[in-house]
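Data block below; observations after.
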Amino acid sequence: MADLAAGQYGVVTREQLTGLGYTERMIDHAIRTGRLQAWHRSVLAVGHRPLSRHALCMAAVLFRGDGALVSFQSAVWLWGLERKFEIPVHVSVPWRGHAQDAIGLHHCPALRKDDAATTEMIPVTAVPRTLLDYAWVARPYRLERAVDQAKRLGMLDLAEIDRITDEVRGHQGRKRLLRAVAIYREKAFTRSGGEMRMLAALADAGVARPAVNNFVAGYEVDFFWEEERFAVELDSWEHHGSRRSFEADPERHEELTMAGIEVIRITGTRLKREPDRVAHQIGDHLTRRRRERVRS
């Protein structure tokens, strides 16, 4: 029993114990004496310690049986794409069943073999399926953060996301996920999450795409609209990489202005807080710049 529990974060099923030779009477006696704790009638915890978060995930899939996978918010946490662990644990199965207090159950008949994976010894939906399901329920900024973390961890497989979104066209998270990963298809290299957030906000607002990280008048600028002679810089010490770079910005601003280029600075905090407003204001200003240039 100890070896079995050690490989399952301290939880076992009655069926597993009977397979090891324990009778129902022996199992009930172990529960009465405290050697086993009943998480559910069919799933038991060995010992007295509270179940860890990994143990709760394992208990949920053991309770649902073969084919059950940790999914949705719980899978996002298990893959390391989100720090917050939420109750109930979400589990997807290809058959119908009834939800329990500690389990958020999802009936997913379209689950494929490729949608199943294992991480930290726990059956879980593969990352593309996890992101697709999460796109259905998560707020946009949380989905974007999970996608960004997947990219950082080398888990963002656009080909697999294209495969699953093509196969499951009726999924309610499909359009949201495709929108969230669109910026990772850009041919231009972007160095920060802030730059990617800006491109996504501009695209959503219908603003013409700027040149990114382009050299203008001898300086590299974050976003530049050549026709309107207009540039936007993301304003943060972290983005510019060093105090020297950050403090050199006034000189850079003056040089660009003398070259006939209007430059504004947007703080990363504001962009994160109100991306839609920032993007629409930029779009409106670009329209004014075009009108001014026509009149002149």
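Structure above, values below:
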| quantity | calculated |
| --- | --- |
| In sequence order, calculated HN-Hα J values of segment 146-154 (Karplus, 6.51, -1.76, 1.60; Hz; x Gly/Pro) | 5, 5, 4, 5, 4, 5, 4, 8, x |
| Within the chain, percent of DSSP bridges classed antiparallel, to nearest 5 | 65 percent |
| Difference of contour (0.36 nm per residue) and Cα-Cα distance, A182 to R152 | 9.2 nm |
| Low-density loop cleavage sites - GluC sites (Glu not before Pro) in segment 105-181, where at most 15 other Cβ are within 10 Å (DSSP) | E120 |
| For peptides 121-134, 28-41, sequence by mean Cβ density within 10 Å, most packed first | 121-134, 28-41 |
| Segment 53-62 - phi-based ³J(HN,Hα) in whole Hz, Karplus 6.51/-1.76/1.60, Gly and Pro as x | 5, 5, 5, 5, 5, 5, 4, 5, 6, 5 |
| Structure-based [θ]222 nm, the chain - -39500 (n - 2.57) summed over DSSP H runs of at least 4, per residue, nearest 500 | -13500 deg cm²/dmol |
| Relative contact order (%) - criterion: Cα under 8 Å, at least six apart; region: the chain | 10 percent |
| Potential lengthening between R139 and R41 on full extension [0.36 nm per residue; Cα-Cα distance subtracted] | 31.7 nm |
| Degrees, to the nearest 10: 249-258 long Cα axis against longest axis of the chain | 40 degrees |
| Global geometry of segment 193-295, whether rounded, prolate or oblate, following the gyration tensor of its Cα atoms and the 1.5 cut on a/c | oblate |
| Percentage, to the nearest whole number, of Cα pairs in the chain over 28 Å apart | 52 percent |
| Top of S92, S71, S52 by mean-square fluctuation, Gaussian network on the chain, Cα under 10 Å | S52 |
| Residue with peak Gaussian network fluctuation, the chain [Cα springs, cutoff 10 Å], from R25, R197, R112 | R25 |
| Interchain or long-range residues, amide H under 5 Å from F85's placed H | none |
| Choice from K175, K84, K272 with maximal GNM fluctuation in the chain (Cα, 10 Å cutoff) | K84 |
| Pair A211, Q172: separation of 7 Å Cα→Cβ label points (nm) | 4.5 nm |
| Lysine pairs with alpha-carbon atoms under 26 Å apart, the chain, spacing 8 or more or separate chains | 11 |
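No lab work stands behind these numbers, since they all come straight from the coordinates. Quick caveat, the model's predicted, so the values are computed rather than measured. Positions of Cβ are generated from backbone atoms using ideal geometry, with glycine treated the same way; all protein chains shown enter the neighbour counts.
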